[in-house]
Amino acid sequence: MPREIQIANAAGFCFGVKKAIQKAETMDRAFIFGSLIHNPQEVARLASLNKKIVHSLEDVEDNRVVITAHGLDINVIGRMKERNLEIIDTTCPLVTKIYNEGHKLEAQGLQIVIIGDPKHVEVKGIASRMKNPIIVYHEEDIQNVPEGSRIGVVCQSTLLMEKFDRFVGVMKARCAEVVPVNTICKPTKDRQTAAALSKTMQIMIVIGGRNSSNTHKLADTCKMNLPNDTYHIETAGELDPKWFEGKNKVGITAGASTPDYLIEEVISKIRSYDELVPA
Ligand code: SF4
């Protein structure tokens, strides 16, 4: 009997990344500034189509440049303008919304706190637009938020929902006023919620780049329910038929940077085990 394979109802590319890639694909050649997506296979595919990801303005060998869905540090954009580069801006509207929420909090006289990875291009982009932001990544970073201060909190769009609530709770105990605006985007929330599929499956395959933080977070969520039967892979080639022995219910999810073709390859490989490995 064929195994039951269920794909999480929110998995793979989010609309922001999809739109950015489609835009780059319409160009003959493109220099894409920063990490468009955290998926090595898709990055290689784009490179084969003459779409090059660069991390420094010196590497842009054209008079135009693409800003990714995650946005960019406003000072770097300033340098692009000084060089008279044509800027193709694919910043996701849900990232722009974080900038706007931050400005609204600042207008209320609040100190901005950003929960997120300070090395991530999106967090750098948000921070560069605020007056004097404090970035909090680990719980101990909350010590840098002055006691008794009045703060407005926003966060990276791909943060774990549980982390936002937990950190805000700690900050409430130390600050005079905390105005939290949860800026985790809906596609991220949907993917995190959909990982609950792992509650009803016997094995979970999580597909996505090893450099993709949102894929790691999905795998962590699945591991809470299936600590020994959750596997994070990048491609179908990493699947091991032994994992599927005696497993009849297979769940699949994928990070926001995982293209559909990689998901489809994984599904067809697992299908090929139906005859080979007893469920
Ligand atoms: S993860 Fe969310 S904010 Fe980021 S590009 Fe996708 S939809 Fe936009």
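The values are calculated or read from the model by the stated rules, or taken from the named source; none is laboratory data. Nothing here was measured: the structure is a model prediction, and the numbers come from that model. Positions of Cβ are generated from backbone atoms using ideal geometry, with glycine treated the same way; all protein chains shown enter the neighbour counts. When the accessible area is computed, the model is the full protein with side chains, heavy atoms only, and any ligands, DNA or RNA have been set aside. Shrake-Rupley method; radii C 1.70, N 1.55, O 1.52, S 1.80 Å.
Each Lys and Arg adds +1 at its Cβ and each Asp and Glu adds -1 at its Cβ; summed about the Cα centre, the chain shows a dipole of about 540 debye.
Counting protein heavy atoms only, the range 15-92 has 47 percent of its accessible area on carbon and sulfur, 1.4 angstrom probe.
Subtracting the Cα-Cα distance of residue 79 and residue 166 from 0.36 nm times their residue separation leaves 27.6 nm of extension gain. Computed over protein heavy atoms with a 1.4 Å probe, the accessible surface of the chain works out to 46 Å² per residue. Within the full protein context, the accessible area of residue 89 is estimated at about 100 Å² for a probe radius of 1.4 Å. Stretched out straight at 0.36 nm per residue, the stretch from residue 5 to residue 245 would grow longer than its current Cα-Cα span by 85.0 nm. In the chain, taking the dipole from charged Cβ atoms about the Cα centre, the farthest positive-side position among 31, 111, 63 is held by 111. Rg over Rh for the range 55-100 works out to 0.98, using Cα positions for both radii and the Kirkwood form for Rh. Rg/Rh, computed from the Cα trace of the range 15-92 with Rh as the Kirkwood radius, has the value 0.93.
Counting protein heavy atoms only, the range 94-184 has 50 percent of its accessible area on carbon and sulfur, 1.4 angstrom probe.
Around the Cα centre of the range 112-182, unit charges on the Cβ atoms of Lys, Arg, Asp and Glu (plus for the first two, minus for the last two) sum to a dipole of about 260 debye. Taking 249, 19, 97 and ordering them by how much accessible surface each has at a 1.4 Å probe, largest first, produces 19, 97, 249.
Per-residue surface analysis assigns residue 25 an accessible area of about 80 Å², computed on protein heavy atoms at 1.4 Å probe radius. Reported value for the chain: 127 Å³ per residue, from the convex hull of its C-alpha atoms. Roughly to the nearest percent, how much of the accessible area of the range 212-279 is carbon and sulfur, given a 1.4 Å probe? Answer for the range 212-279 is 51 percent, counting heavy atoms of protein chains only.
Evaluated at q = 0.12 Å⁻¹, the base-10 log of the normalised Debye intensity for the range 81-159, with identical point scatterers placed on the Cα atoms, takes the values -0.37.
Rg over Rh for the range 155-279 works out to 1.08, using Cα positions for both radii and the Kirkwood form for Rh. Of the residues 268, 212, 48, ranked by 1.4 Å probe accessible area with the largest first, the sequence reads 48, 268, 212.
Considering helices alone, the calculated mean residue ellipticity of the chain at 222 nm is -11500 deg cm²/dmol, with DSSP H runs of length four and up weighted by -39500 (n - 2.57) and normalised per residue.
Taking a Cβ cut-off of under 15 Å around residue 101, the surrounding Lys, Arg, Asp and Glu residues balance to a net charge of +3, with basic ones at +1 and acidic ones at -1.
Heavy-atom accessible area with a 1.4 Å probe sorts 59, 165, 28, largest first, into 28, 165, 59. For the range 222-279, GluC sites (Glu not before Pro) are listed when DSSP marks them as loop and at most 15 other Cβ atoms sit within 10 Å of their Cβ; the list is 245. Counting Lys and Arg as +1 and Asp and Glu as -1 over every other residue whose Cβ lies under 12 Å from the Cβ of residue 75, the net charge comes to +2. Take the residue pairs 23/81; 163/189; 18/51; 97/189; 18/223; 52/186 and return only those whose Cα atoms are more than 22 Å apart. In this structure, 18/223; 52/186 lie more than 22 Å apart at Cα. Counting heavy atoms of the protein chains alone, residue 271 has an accessible area of about 90 Å² for a 1.4 Å probe.
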